[in-house]
Amino acid sequence: MTWRWSVCVFALDVLFCLFYGVLTFKDQSVSLNGKWSLSNSNGSLILPADVPGCVHTALQKRGYIQDPYFRFNDLSYRWIAFDNWTYTTTFNVPGELKSRQKILLVFDGVDTVASVSLNALILGGTDNMFRRYDFSVRELLTDGDNVLKVTLFSPVVYASERSEAHSSYTVPPECPPDVQKGECHVNFIRKEQSSFSWDWGPSFPTMGLWKEVRLEGFDVIQLIQVSPVPLYNSSLSQWMLQVELLVDAVQTTDGNITLSIPELNSEETFTVRFPTGRSGISFTLNINTSSDVNLWWPNGHGDRPFHLLTISCLQDEFMILNTETKVYFRTVELVQEPIPDSTGLSFYFRINGKPIFLKGSNWIPAHSFQDRVTPAVLRNLLQSAVDANMNALRVWGGGVYEQDLFYSICDEMGIMVWQDFMFACAMYPTEDDFIQTVREEVIQQVQRLKSHPSIIVWSGNNENEAALATNWFNIPSSQRLLYLKDYVTLYVYNIRAIVQEEDQSRPFLVSSPTNGAESEQEGWVAENPYDLRFGDTHFYSYTSDCWDWTAFPRTRFASEYGFQSWPSFSTLQAVSVEEDWNVTSHFFSHRQHHEDGNQQMLQQAALHFHLPNSTDPLKSFTDTLYLTQVMQAQCVKAQTEFYRRSQSEIIEGEGHTMGALYWQLNDIWQAPSWSSIEFGGKWKMLHYFAQNFFAPVLPVGFEDGGTLFIYAVSDLSDLKLQAVMTMYSWSDLDPVCALQSDPLLVSAGSAALIYKHNVDALLAGCGNCTQFTCLLTFHLQDSSGQQGPTNHHFLSSPNVADGLQSPNITAKVQQDEAGYSVTLNTAAVAPFVWLDVGKIPGRFSSNGFLMVTRNMTVSFTAWRPTSVAELSDSLTVTSLGDIY
Ligand code: BMA
């Protein structure tokens, strides 16, 4: 343990600190967060507003508007984003700060188009939510009150004006589909693209100071950003740490900078010259080859240790810079190389040399109002991802570059991040000022994020290659080249070029979906970016039967696929009233932003289940919500299991699937969507299913041409596994028969066929079973016992199953030292048993399960204090038999 001491003294008007006996210049930062005053353009509304924050939350907090998510308020509050709003604050500058040689006024994030003035002098403008802005203000500060104003222009009006000014050709889409009830031309403003509405989200074009505001004073240099990026030189077997420092210097400054990782016995000192103003300087610290570097591993593959890097810079005897930061070491490669028996290329990630199957989902903004995305919200969602055995998330390109904490938690938890740049489902302009602001955005974001080991790939946009290739916007062929040129200008000549310059430590893809190297060969827009033999794919089919695995694309990497469901009743109840609780209500269709979404869910459900038909309208409504969740969970399970079992096979040139990221993890509001977690954090049935279908060891069962196949999938070390199968009759809790496969060595990171049998023969050998009367459960085991979850295979759809009964499940809540538990008792085989405790936040250890034993106990982890009485009162238990 090192003993540290520091003493600060005031001398010569400059604050020095003594660190280890050297004099240190201490920079000073004064926060301007807190209460500002907010007014609309005609001054009819003047109210206090929190910074960081936005206009909507300020209006709600002061009671000017209700909960914007309540019922139809998204439409009632459209006016907010059509007005201009001014944030004002008055502050005094402490003398200590005032005496600094340089003072910056820093905005970490302004949403979006604004003019900034200080003491009635205009400092400048902003036009990009994803940039940090700073202004040098020392000479403008007064000794008394200083007045800082930020006037935000309507983003909706701005976007429309910019689109109108772009008169030579249109930049589609003009507007979102009517069903989304959104605003137009969002592609003309550098702001969260989904804030003008999306197919899962409302239109709330926010305005505000969404990140911190502060004054930073310094006398010599100011450190803006440190980005350590480890690179591994395999020919030398050596780690090198590239350390980029972004600084602002009052004047040209010379010094000696020392980079040191004491744990790795690695230290180097460089002479350095910082030019006046803003500059970025890179150093390389060669890591001592005889030291043991601890590697960062994704969740499920190892630990996530880090080493501490210290950076100090001395100018003569003065310490002008001194900081410490975490460094995580790992390598990432995106492998695109020929594979036997296929005409295409592989597409998978190798972390520290190990091929890793990416299991996870897609992340969207966790709230329309980013100031509501608290650390607790982030932690809860990311913990839920890890609890469902995920190791990856894609931060989707229609949202925001997430806050630092998001990536720090991903680093900690081992969640690999596929990071899109924020462009989605649209063409974009390439006017000079647009390109310039994007360039600055990309530079800043890459510099901010590149030291996070969790980010394993940058990706230029969401679906814009596909939009061009398959002509979503009906661009006449005579104009196609124009749009192609714009596409390449933005994503290749600008974004890609910057990323390659700024970050050599991870791959860059131009789009998702893409054919990767093949798209590049074809001039960056492939003829068919959905080609299964290359790159990643997005695949949605709502009309084909999701239980039929033959409809799924045997892709190299599934970066999006999914099905919608409705959130639970308690989640909807918070934003609705009794007349809304009906599938024919205006509310029910209003919240659905995906064309025909409600019908699609019911049609898909009707393929295998009876639709709810209770005469009690509330029961019919809640049964419908439940059934959409059953359908979604079962559909995504089928598809994900297909991808996991396809990882080791090539069939007709297709396969070697190495990623399954379903659409989508979280929700932005209380509405039907593809999410597995409801707004507020409650797990849908799909999320409980994900715990199983993403388990490190998994048995997958399916039928092909009258034969039952069982595959064993293992992410872990080589395992000698056996499949154990048990046949049940729908009408009886006692098993009809049991079978075991021969043991098979399943190697690490593979899927292998472990059992195969003709279905009719299997049924014939098992009592009086038919495909309608019986169902199968199965698990894997080795000499130490069961490995992975128990899975099941329905031999027919439940709507034609013979013997399925209403099981009369009883439940008893208890409390012990470990927490709360619910003990269930069933009188019959019960599929999709669903426990719901309404508004009590928390999650069960397991839910939505098949009950083939009379008794079963699950635990409940509450996310706030509760009691046996409260849980018992709130608990409902539903299974499929209960809704018929
Ligand atoms: C994908 C996404 C989103 C969309 C989702 C569901 O294409 O990239 O744009 O929300 O499908 O339609």
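Before moving on, here are some points about what is shown:
- Straight-line cross-link reach from Lys98 at under 17 Å between alpha-carbon atoms covers these lysines, not counting any fewer than eight positions away in the same chain: Lys26.
- Electrostatic dipole magnitude of the chain [Cβ: Lys, Arg +1; Asp, Glu -1; Cα centre; debye, to 20]: 1060
- Cross-linked pairs Lys450/Lys637; Lys354/Lys450; Lys191/Lys839; Lys149/Lys181; Lys684/Lys812; Lys149/Lys211: Cα-Cα separations exceed 27 Å for Lys450/Lys637; Lys191/Lys839; Lys149/Lys181.
- Spin-label pair Ser76-Ser478: with each label point 7 Å from Cα along the Cα-Cβ axis, the two points sit 5.0 nm from one another.
- FRET E, pair Thr269, Ser717, Förster distance 51 Å, beta-carbon r, rounded to 0.05: 0.70
- C-alpha long axis of helix 375-387 to longest principal axis of the chain, angle in °: 40
- Per-residue [θ]222 nm for the chain (sum of -39500 (n - 2.57) over DSSP H runs n ≥ 4, rounded to 500): -5000 deg cm²/dmol
- Extension gain, Glu703 back to Val335 (0.36 nm per residue minus Cα-Cα distance, nm): 129.3 nm
- Cα extents of the chain along the three principal axes, largest first (Å): 95, 69, 69
- Take the Kirkwood radius over Cα pairs of region 17-144, plug it into Stokes-Einstein at 20 °C and 1.002 mPa s, and you get 125 µm²/s for translational diffusion.
- Virtual spin-label span in nm between Thr790 and Lys839, 7 Å along Cα→Cβ: 3.7
- Applied to region 83-95, the Karplus parametrisation 6.51 cos²θ - 1.76 cosθ + 1.60 on θ = phi - 60° returns per-residue 3J(HN,Hα) values of 9, 9, 10, 10, 9, 10, 9, 10, 9, 9, 9, x, x Hz, with x for Gly and Pro.
- For region 448-534, the dipole from Cβ point charges (+1 on Lys and Arg, -1 on Asp and Glu) about the Cα centre works out to 200 debye, to the nearest 20.
- Put simply, the Cα atoms of region 499-620 extend 61, 36, 22 Å along their principal axes, the longest span coming first.
- Pairwise centroid distance, computed over Cα atoms, of region 431-479 with region 619-661, Å: 29
- Listing Phe270, Phe844 from fewest to most neighbouring C-beta atoms within 10 Å gives Phe270, Phe844.
- Cα centroid separation - region 320-398 against region 178-241, whole Å: 16
- Compared with the alpha-carbon gap, the fully stretched path from Arg62 to Ser859 is longer by 282.9 nm at 0.36 nm per residue.
- Computed from Cα positions, the angle between helix 617-645 and the longest principal axis of the chain comes to roughly 80 degrees.
- Positive dipole terminus of the chain, leading residue within Thr857, His301, Ala426 (C-beta point charges): Thr857
- Annotation: aspartates and glutamates with alpha-carbon distance below 16 angstrom to Lys619 (same-chain offsets under eight excluded): Glu578, Glu579, Asp580, Asp836, Asp882.
- Among 607-615, 557-565, the order from most to least packed when residues are scored by Cβ within 10 Å on average: 557-565, 607-615
- Ranked Leu285, Leu75, Leu665, Leu47, criterion: other C-beta atoms within 10 Å, fewest first: Leu75, Leu47, Leu285, Leu665
- Put a dot 7 Å past the Cα of Leu618, heading toward its Cβ, do the same for Asn768, and the two dots end up 4.2 nm apart.
- Straight-line reach from Lys720: taking Cα to Cα under 19 Å and skipping same-chain neighbours fewer than 8 places apart, the aspartates and glutamates in range are Asp742, Asp782.
Every number here is computed from the coordinates shown, using simple stated rules; none is lab data. Only a predicted model underlies this, so the values are computations on that prediction, with no experimental measurement involved. FYI the Cβ positions are ideal-geometry reconstructions off the backbone, even for glycines, and counts take in every protein chain you see.
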